[in-house]
Amino acid sequence: MAAPGVEGQQPNQNVAAFAVAQAATLKAFLIARCANNHPRQHNPGMPAERPISIDVIRKALERSGYLMKSRVVRMLAEADFFVEPNVTHKGPHGAAQGIDLTAEAAGGSNRRGVCVKTTFVIQTVNNVHPIVLLTERPSTPNADFESYIKFGTSPAPCPFLNQIHPYEERAADWHNLFSEICVLDKLDGGDEFTACRSDGMRSSLLKASQYTEDEVSAFGEWVAEETGRYWRLFFWHPIVVVSGQLLTAKVTADGTVQLQEVPLARLEFNWHDGEDRKTTVMEVVREDFLLERLDSIRAQDDAIEARIHAIKLAQEPETD
C-alpha cells in the first residue's frame, strides 16, 4: 500500500523526493537573493546611458498633446467647471474606451425642481499643422437634423416641450456646417504640405460620438424608472479642441477657394453603431477660444432654465 504523500511511491522514495524538492527550492531562493543584492555589472564594452535631460522630456510631452490636455483641464476647473479627465466607458465590443475629459458648469441658480445643463464631451488634439474643414453641408430633406442636437428631458411626457424647443435653442441648422475634415502634413519626409485624412482625428471624433450616444441612452433609461416630477433638460455637446491653426475652406460659384482662419467650426460626422447609421454634429474649437464658447453655452443654459422654471411655477405654484 502506498504511503501518504506521493501516490504509488514507497516511504523511502517519498522522503528522498521531498528532500530533492526542498533543496531545489532553497537553491532558487538563494539565486534570486543574490541577484537582488548584486545588480548586474555594467558591460565595459557598452556605453552607459545618461539621464534624459529635462528639456528633451518637456519637448516630447509638448509634441504628444498630454500637456495640452492638462492645460484644458486646469483652465476649465479654474473657470468653475466640474471637470472629469480620462473618462472611460464601454465601447461597441465591450472593451473600455477613454474620453479625454468631460466638463459641466459648477453651481448654478438652484431653481427648485428644475435643472438645465450641458455636458461637454471633449477630445483634445495637439495639431502642429493646420486643420481644415471643407465641403459645406447643403440643406436636404434626407439630413438627420434630429441627431444634430443631443438632449434628454424629464419627466415623461415632458410638460415644457410645447414652449421650449431644443432644436431652436441650439440651432440645429446647416449654417457653416461642413462634412469633411483634413489635416495638412508633410508626407514621406518631403517639404510640401499635403491635405490628408488623419486616423487620429477620426478616432477622436468617433470616441466622442460614441460616448455622447451612450450617455443620452443611459439618461433615457434612468428617467424612465423615475417616479418624481423633476423637470430636466440635459444637453450633451461633443467638442474637439485643437491647439493650432483651424481653417474653413469654401468654394465660390466661380471656383475660387476661400480660406478663413476661424476659432470654431461645425462638422457633420457620420458613423455606424453596428448596423445603425448615426450622425453627430461636432464642434471643432481652437484652444484659445474654448472658454469663451463654453461660457456662452453656460449662460444660455441658465436663461433656458429660468424660462422653464417660470413655466413650472405657472403650472405648479406650490412647488416653489
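The values are calculated or read from the model by the stated rules, or taken from the named source; none is laboratory data. What you are looking at is a predicted structure, and each value in this text was computed from that prediction instead of being measured. Note: ideal-geometry Cβ built from the backbone for every residue, glycine included; neighbour counts use all protein chains shown.
Observations
- Applying the condition of being more than 30 Å from Leu184 (Cα to Cα) and surrounded by 19 or more Cβ atoms within 10 Å (Cβ to Cβ) to region 226-272 and asking which residue is nearest to the chain's Cα centre (by Cα) yields Phe235.
- Test: Val116 is outside any loop (DSSP other than H, G, I, E, B) and within 20 Å of Pro263 (Cα to Cα): no
Residues are listed down the side, and each one gets a yes or a no for (1) within 23 Å of the chain's Cα centre (by Cα); (2) free of Cβ contacts under 8 Å to residues at least 12 places away in the same chain:
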{"site": "Ala96", "(1), (2)": "yes, yes"}
{"site": "Phe120", "(1), (2)": "yes, no"}
{"site": "Ser139", "(1), (2)": "no, no"}
{"site": "Glu146", "(1), (2)": "yes, no"}
{"site": "Arg170", "(1), (2)": "yes, no"}
{"site": "Ser179", "(1), (2)": "yes, no"}
{"site": "Arg197", "(1), (2)": "yes, no"}
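- Within region 32-55, the set of residues being modelled with pLDDT of 85 or more and surrounded by 10 or more Cβ atoms within 10 Å (Cβ to Cβ) is empty.
- Residue count for region 307-320 under the criterion of being touching a helix residue (DSSP H, G or I) at 6+ places or on another chain (Cβ under 8 Å) and assigned to a helix (DSSP H, G or I): the result is 3.
Conditions tested, residue by residue: (1) part of a strand (DSSP E or B); (2) more than 17 Å from Val284 (Cβ to Cβ).
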residue: Arg63; (1), (2): no, yes
residue: Met75; (1), (2): no, yes
residue: Glu84; (1), (2): yes, yes
residue: Ala103; (1), (2): yes, no
residue: Gly108; (1), (2): no, yes
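- Residues of region 171-184 satisfying the condition of being at pLDDT below 90 and either touching a Phe, Trp or Tyr at 6+ places or on another chain (Cβ under 7 Å) or of a type in the set (A, V, I, L, M) (or both): Ala171, Ala172
- If you go through region 233-270 and keep only what is among the charged types (D, E, K, R) and under 17 Å from Pro138 (Cβ atoms), you end up with Lys250, Arg266, Glu268.
- Residue check for Val223: at pLDDT below 90, assigned by TED's automatic domain parsing to the domain that holds Val125, farther than 29 Å from Arg63 by Cα and surrounded by 14 or more Cβ atoms within 10 Å (Cβ to Cβ): yes
- From the list Asn126, Asn162, the one residue that fits, being more than 15 Å from the chain's Cα centre (by Cα) and either at negative phi or without any contact (Cβ under 8 Å) to a residue 40 or more places away in the chain (or both), is Asn162.
- All conditions but one from (1) part of a helix (DSSP H, G or I); (2) polar (S, T, N, Q); (3) more than 20 Å from Leu294 (Cβ to Cβ) apply to Thr212; the one that does not is (3).
- In region 50-63, the residues that are more than 22 Å from Gly244 (Cα to Cα) form Cβ pairs under 9 Å with partners that are among the aliphatic types (A, V, I, L, M) and surrounded by 11 or more Cβ atoms within 10 Å (Cβ to Cβ), at six or more places apart or across chains, as follows: Ile52/Ala60.
- Selection status of Ile304, surrounded by 15 or more Cβ atoms within 10 Å (Cβ to Cβ) and not in a strand (DSSP E or B): yes
- Check on Val83, buried (at least 17 other Cβ atoms within 10 Å of the Cβ) and either among the small types (Gly, Ala, Ser) or modelled with pLDDT of 85 or more (or both): yes
- Search result, residues across region 98-118 that are within 15 Å of the chain's Cα centre (by Cα) and surrounded by fewer than 19 Cβ atoms within 10 Å (Cβ to Cβ): Gly98, Glu104
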